[in-house]
Structure formats: structure tokens, C-alpha cells
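Visitor: Please see the structure below; I have some questions.
The values are calculated or read from the model by the stated rules, or taken from the named source; none is laboratory data. In this text the structure is predicted, and so the values were computed from the model without any measurement. As a convention, Cβ positions derive from the backbone with ideal geometry for all residues, glycine included, and neighbour counts pool all protein chains shown.
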Amino acid sequence: MTERTQAIRLDELPRGEVPPDLRAETYFDFAAHPFAHRALFDRANSVCAAIRAIHDYATGWLQERFRQAPASARVADPSALPGMDGVDGAAALRVVLEEGAVFRPARVIPAAAPRPRTIYLARDARLIGADVYLDRGDIFLDEAAAVEPSAGLRGPLIVGRRAQVRQAAYLRGDCIIGEDAVVRGEIKNSVLMGRAEFPHHSYQGDSLCGYKSHFGAGATTANLGIFAGMREEQRQRSIVVACAGRLYDLGTRKMGICMGDYCQVGCNSVSDPATFLRPRTIVYALTRIPRGFYGPDEVLKNKPMERGVVERAPLRRED
């Protein structure tokens, strides 16, 4: 039997049979740090299932939130808004603004959709100078959330209270950004919980990041194996991990990182697909994190000069 045929299908297990290292409660303390979207995890048997469910959860949550709009929220006339050149007004976009909200995009990029997309800005939220894509889903900015110029936004997207989406950020859809979080890099199909920091240029896909987790400048998640990328998509296989002495098929060909509360990843580090950091795991700069489980309360160090990993050779000069 091959490793793959021996693997247990994680998505077929009842929650009680999922090993602890693949459960949300191992990584996130929702009692200490309440999260508005905990329901995403309550409905999933594992953290891997939660990642796969982000799109459907966000789409449903947005529709419910729009139905609860206060009577004072106003529906703006799209044709009177900036950045709407070439957009067929109300046929493409519905903009809802609560008191104090500011919506001044640089561009709105239209796309064929079965219904008008909704962009909803809660009280005192601001979206200024950003590019907004209408092809995949709706967008919601909660109270006092701020999107800076040159950011790119694609729905489904939920941005929490007082969160900051900084210049040059690219949120590619299926993203949930928690309260007081800060983001700037490229993010897709991921959840960042309260006070998470992803404030520099880097990439994160198909991932979960806990309370006050942090990515240094240039830190990157690999979410697809380097050899898997050589295959046509229909021939790419789901990821298999070893956990608690057994093999588990995660049911997805793409997974980035699962970071517990307070985890920190240093500058220019990279994680292999299906990397799991339990709470308070610290990763030094310039570290490659192989697939697997780490922490809690552990420091991962890349110290090539001390450990003799770096080869040193004399420079040969040609006169």
C-alpha cells in the first residue's frame, strides 16, 4: 500500500475523532480572544475544513449582515461615485454607506454577475483610492475600518472594526480580516483574527492566523508543493500529513499555514504547505519551516553561521 492509500480522509471523520493537532481549539483561544467569525470553526471538524469553507461562510455572512443594515444606512447612486467609468451603475454595484463612511475608489472593475455586487461601509469606515473588483463577491468594511490608496479588493471580503488595509495590499477574495488587524501583502482564502499583523509585502494563501499573530517583511506561505505545480491542476493530489502516528489526507491540494495565537514569523521566512504552528511559536528570520507541527512555546532558529550550514569559500579574482 502507498502512503496515500493508507491515509485517513480527514473530512470524513466526526469531530471527536479528529486528532487534537488538527482542531481549532489547539490553536485559537476564543474565550480569551473572542472572534466575530467563530462560527466558521464551530461548523468545521478541523482547521483544514475551516479553510475550505471560507468562501461559503463569508458569502452567507455577508448576505445576513446586509439584511441587518440600520434604517439610517443610505444606498448611494453608483453613477455619482468616483471610479465608476465604464460601470453600468446599479446593474453592477450597490453601495451602502452608514453615517460617516467614505467611499472614493480609484477604480471599480466591472464583471458579469447574476446580481449587483454590494459594497457596504459601516459607520466611519473609509475606502479611498483603492481598486475594487466585482467579479466574485461582496465586500464589507466594519466600523472605522480603513482602506488606503492603491490597495486592491476582491470579494467575498470581510474587514473587521478598525482594521487597516494599507497601501499596495491585494486581498484576492475569500478573506476575513479581524478587528484591529493590519494587512499590506497579498492574501487569498485566509482568516486573520483580531490584532493579527501582516503589515509588509509578502504572500499568504489558504491559511489561518490567530490572535496577535505576526508576519515579518517578506515572510511567505507556500500553499502548493513545488513539484505539484508541475502537474496539470486536475492531476494534483491532496496533501497528506503525519499526525499522532497516523497519516491524514487533508482533502485539499492547497494549504498554507495555520498559526495559533501570538505566533510570530520572522522576516523572509517561508513555510512549506501544511505547516502548523501551535500558540506562541516564534520563527527566526530567514527560516524555512518544513511541513509539520511545531510548538507551543517553541523557537525555531535558522543559525547557519553557528551550525556550519553556510559554505564559505575564498573569492577567486581574475586580474
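Visitor: For region 117-130, give me each residue that is surrounded by fewer than 23 Cβ atoms within 10 Å (Cβ to Cβ) and within 18 Å of Val182 (Cα to Cα).
Guide: Asp124, Arg126, Ile128, Gly129
Visitor: Follow-up. Of all residues in region 229-271, count the ones that are free of Cβ contacts under 8 Å to residues at least 40 places away in the same chain, closer than 22 Å to Gln6 by Cβ and of a type in the set (Gly, Ala, Ser).
Guide: Of the residues in region 229-271, 2 are free of Cβ contacts under 8 Å to residues at least 40 places away in the same chain, closer than 22 Å to Gln6 by Cβ and of a type in the set (Gly, Ala, Ser).
Visitor: Let me ask you something else. So which of Ala76, Ala106, Ala113 is touching a residue at least 40 places away in the same chain (Cβ under 8 Å) and more than 27 Å from Ala39 (Cα to Cα)? Show your work before the answer.
Guide: Details: Ala76 fails: touching a residue at least 40 places away in the same chain (Cβ under 8 Å); Ala113 fails: touching a residue at least 40 places away in the same chain (Cβ under 8 Å).
Only one candidate passes the filter, namely Ala106.
Visitor: Counting only residues that are part of a strand (DSSP E or B) and either aliphatic (A, V, I, L, M) or more than 15 Å from the chain's Cα centre (by Cα) (or both), how many does region 244-275 have?
Guide: Qualifying residue count, region 244-275: 9.
Visitor: Another question, if that's okay. Scan region 49-62 and report the pairs whose first residue is without any contact (Cβ under 8 Å) to a residue 12 or more places away in the chain and whose second residue is surrounded by fewer than 20 Cβ atoms within 10 Å (Cβ to Cβ) and not in a helix (DSSP H, G or I), with Cβ atoms within less than 9 Å and a gap of 6+ or a chain change.
Guide: From residues that are without any contact (Cβ under 8 Å) to a residue 12 or more places away in the chain, there are no pairs.
Visitor: A follow-up question, please. Output the residues belonging to region 98-116 that are part of a strand (DSSP E or B) and surrounded by fewer than 22 Cβ atoms within 10 Å (Cβ to Cβ).
Guide: Across region 98-116, the qualifying residues are Val102, Arg104, Arg107, Ile109.
Visitor: For Leu134, are the conditions met, namely being at pLDDT 95 or above and either of a type outside the set (Lys, Arg) or buried (at least 23 other Cβ atoms within 10 Å of the Cβ) (or both)?
Guide: It is false that Leu134 is at pLDDT 95 or above and either of a type outside the set (Lys, Arg) or buried (at least 23 other Cβ atoms within 10 Å of the Cβ) (or both).
Visitor: Can you report the number of residues in region 51-82 which are of a type in the set (D, E, K, R) and crowded, with 16+ Cβ neighbours inside 10 Å?
Guide: Result for region 51-82: 2.
Visitor: Within region 17-27, restricting attention to residues that are in contact with a Leu (Cβ under 8 Å, 6 or more places away or on another chain) and in a loop (DSSP other than H, G, I, E, B), which residue is surrounded by the most Cβ atoms within 10 Å (Cβ to Cβ)?
Guide: Of everything passing the filter in region 17-27, Tyr27 is surrounded by the most Cβ atoms within 10 Å (Cβ to Cβ).
Visitor: Please go through (1) part of a strand (DSSP E or B); (2) within 26 Å of Leu286 (Cα to Cα) for Tyr211 and return the number of the only condition it doesn't satisfy.
Guide: The number of the failed condition is (1).
Visitor: Output the residues belonging to region 170-215 that are closer than 13 Å to Gly266 by Cα and either buried (at least 19 other Cβ atoms within 10 Å of the Cβ) or of a type in the set (Val, Ile, Thr) (or both).
Guide: Glu197, Phe198, Ser202, Ser213, His214, Phe215
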